[in-house]
Amino acid sequence: MIEVPAADFSLRATLTSGQAFRWTEHDGWAYGFIGSSVLKVRQDGDRLFCESSDPALTPNRISDYFALDLNLPEILSSINVDIQVHQAIMRYRGLRVLRQDGWETLASFICASFNNIKRIEGMIERLCQAYGEPVALNGFRGFSFPTAERLARVPERSLRSLGLGYRAPYLRATARLVAEGKLPTDHLRRVDYETTKRALLGCEGVGDKVADCVALFGFEKYEAFPIDVWMERAMRYYFRHRKMTRKGLHEYARRHFGPYAGYAQQYLYHYVRNLRAAESTKHKADSTQS
DNA sequence: CGCCAGGTGCTGA
DNA sequence: TCAGCACATGGC
């Protein structure tokens, strides 16, 4: 059993906030992958308890994946600049932006465009079952995320048969780009946001929104501020009447929230997506208490 | 059944 | 540069 100190952290909020698509829960444990290694993890207060199939998953590696080295209170105070984001922070304090694998994040968010999370999860799971490597841990059986080299050799029709729809050719083309070394994922982690985003926009199926998601979740670019339909809804708070393009919202948000705008985005996204659900459970709690 | 989903690429003004 | 449109699929 590996133990990892985890102050200012909410495993649940982090794993259910729509930045990763492959974590599942069984008997109070979360099962997922860090790279190609399975991790079984649960949180108890300020500590994580972990088991893994791979000795390479050291406490340091796990801590890095969950970005536990970052000073979250400092980040949150830097983005806590209006009442709406303040509410989101109050409700989901401890949510952190993961440091996921760049290629997996890129491929996943190509699948995520114009789609819903349930189906995204299904598509990615089928991709892994078809082209990943089987891995087991205790009773858990899963498949690692396929490499770019592997997906580059898969015919478009095979990807379509997994339910990827019109994204199939995009994913295949991007897998080829990465496999040929024309999109240096290791390098992108070390260059700035603008450079990373420009490189990502060169992939088919990657526009502004997907590029920002990949920059944020896969390449540690915390200025990135992805805008999807949920964020458009959240941003109505700032522009009740004036109609704004996504580009306008993007420029405003980056100025408004600063260098950790991506954290603000993730808190707001999770918050607005769960507004109705949170309200109804709150009413339930209120009525059972009285 | 119609509507919606972590949008993008293409086209024509 | 920007609006308008087609695009696959499955959950609800």
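Quick look at the values:
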item: In chain A, lysine pairs with alpha-carbon atoms under 21 angstrom apart (chain gap of 8 or more, or interchain); result: 10
item: Rounded D (µm²/s) - chain A, Kirkwood Rh over Cα pairs, Stokes-Einstein at 10 °C, 1.306 mPa s; result: 80 µm²/s
item: Exposed-loop-free span, longest in chain A, where GluC sites (Glu not before Pro) count as exposed if DSSP calls them loop and at most 16 other C-beta atoms lie within 10 Å; result: A:1-179
item: For chain A, size of Cβ-based charge dipole, Lys and Arg +1, Asp and Glu -1, in debye; result: 1180 debye
item: Förster radius 22 Å - calculated FRET efficiency between A:D64 and A:F140, Cβ distance, rounded to 0.05; result: 0.50
item: Alpha-carbon centroids, segment A:138-210 and segment A:51-83: separation in whole Å; result: 25 Å
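Every number in this text was worked out from the coordinates using simple rules, so none of it is lab data. Small disclaimer: the values here were computed from a predicted structure and weren't measured. Every residue, glycine among them, receives a Cβ derived from its backbone with ideal geometry; neighbour counts consider all protein chains shown.
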